[in-house]
Ligand code: SAM
Ligand code: DTB
Ligand code: SF4
């Protein structure tokens, strides 16, 4: 909450309405049907009640284990079911990951997210993963990991190692989900999110637009996030990076204004979450990104690489932030 709003709220005067968990699907769908300017204005108002709209959280990703994944997520370069040209690698050593994290920190990253192309975390990999997490945390970075499905005990072990956030996306609305992934169910994903929450760890959970889904499917995803027992602390919205060789490699790009609607609706239904423009900024104009920030996005990935695809270079992002007079969010405010 911004300091002005929080001091009023402390005195019992005004203050932002608390996040709601009883959204109906109809209500979320109705947001998408608002006149564009009305939707963006409402989202910007909500954004300002909880955050300083000139601040942006900067995260950086590293693929600590790439490719060879047994899952069939139709968007993914790393599934072994599709010929995408991505070679499978072994899990990196903790020292290599920690060195990359130090470089990311020097480049301005506040949070470091380690991604592995796994269906689920295997207990045999836990010691190495725990060493990475504690080493990255010791650098003073916020830590995040995305390692596939977790058991409750694994979630507890990751938290004990110093993990601040766990990313596990629902990807799309429940009605469209099985058109995209068949090897794990929606409920499997909800179960992992519950294991993370029950371990006392904040969640990072969002999805992808541009996979051929309808507006109702997009509303369906946000509705699922809104009715979770606690809203995800981070809410990444990925614009599909079409990967040749995957079933979604030829998907039609989503209308940029529709992407802004998704960001705005996410901001309204999950007012306290960090809403991230995740994948896809590489093909977005500066103007579109600025409109997303106005509509409530307040987090981005920085660094020229996501997992297997490219992201805008540091110089381009530095220029964008300078031109918009935006600044990095102080570490810790995002929790
Ligand atoms: N294997 C783990 C899992 O699926 O949970 C972690 C890594 S996975 C790459 C993390 C998320 O990245 C996916 O759930 C999806 O939302 C997003 N993602 C993957 N490939 C993408 C693409 N081509 N375009 C946009 N988002 C993508
Ligand atoms: C998220 O929602 N997006 C990130 C992160 N969480 C792990 C991943 C984006 C991947 C984009 C495609 C790639 O680079 O392979
Ligand atoms: Fe595997 Fe994750 Fe890619 Fe799905 S999204 S194929 S689980 S790496």
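Return 262, 211 ranked ascending by Cβ neighbour count within 10 Å, so the fewest neighbours appear first.
Working: 262 26, 211 21.
Ranked by crowding around the Cβ, least crowded first: 211, 262.
Let a ≥ b ≥ c be the square roots of the eigenvalues of the Cα gyration tensor of the range 200-292; is it rounded (a/c under 1.5), or, if not, prolate (a/b larger than b/c) or oblate? Could you put the intermediate results ahead of the total?
Values: a/c = 1.77, a/b = 1.48, b/c = 1.19.
Since a/c reaches 1.5 and a/b is larger than b/c, the shape of the range 200-292 is classed as prolate.
Okay, which of the range 227-259 sit inside 20 Å, backbone N to the point 7 Å along the Cα-Cβ direction of residue 305?
241-244
Pull out a ≥ b ≥ c, the square roots of the eigenvalues of the alpha-carbon gyration tensor of the chain, then state rounded if a/c is under 1.5, prolate if not and a/b is larger than b/c, and oblate in the remaining case.
Rounded is the answer for the chain, as its axis ratio a/c remains below 1.5.
On a C-alpha basis, how far is the centre of the range 125-188 from the centre of the range 41-112 in Å? Whole number, if you could?
Rounded to whole Å, the Cα centres lie 12 Å apart.
Test of understanding: ordering 28, 180 by Cβ neighbours within 10 Å, fewest first, what list do you get? It would help to have the intermediate numbers written out before the result.
On the way: 28 25, 180 21.
Exposure proxy ranking, most exposed first: 180, 28.
When a/c reaches 1.5 or more, the comparison of a/b and b/c decides; with that in mind, is the range 25-109 rounded, prolate or oblate per its Cα gyration tensor?
On the way: a/c = 4.18, a/b = 1.53, b/c = 2.72.
Oblate, because a/c is 1.5 or more while a/b does not exceed b/c.
Using a Gaussian network for the chain with springs between C-alpha atoms less than 10 Å apart, which of these wobbles most: 33, 213, 45?
Comparing 33, 213, 45 in a Gaussian network model of the chain, the most mobile one is 33.
What number does the range 134-189 give for Rg over Rh if you use C-alpha atoms and the Kirkwood radius?
Taking Rg over the Kirkwood Rh, I get 1.09.
With label points built 7 Å along Cα→Cβ from the Cα atoms of residue 313 and residue 253, find their separation and express it in nm.
Modelled inter-label distance: 2.0 nm.
What's the exposure ranking of 59, 251, going from fewest to most Cβ atoms within 10 Å?
Fewest-to-most Cβ neighbours within 10 Å comes out as 251, 59.
Bear in mind these aren't lab numbers, they're just calculated from the coordinates by the rules spelled out. These numbers come from a predicted model, not from an experiment. Positions of Cβ are backbone-derived with ideal geometry, glycine not excepted, and every protein chain shown enters the neighbour counts.
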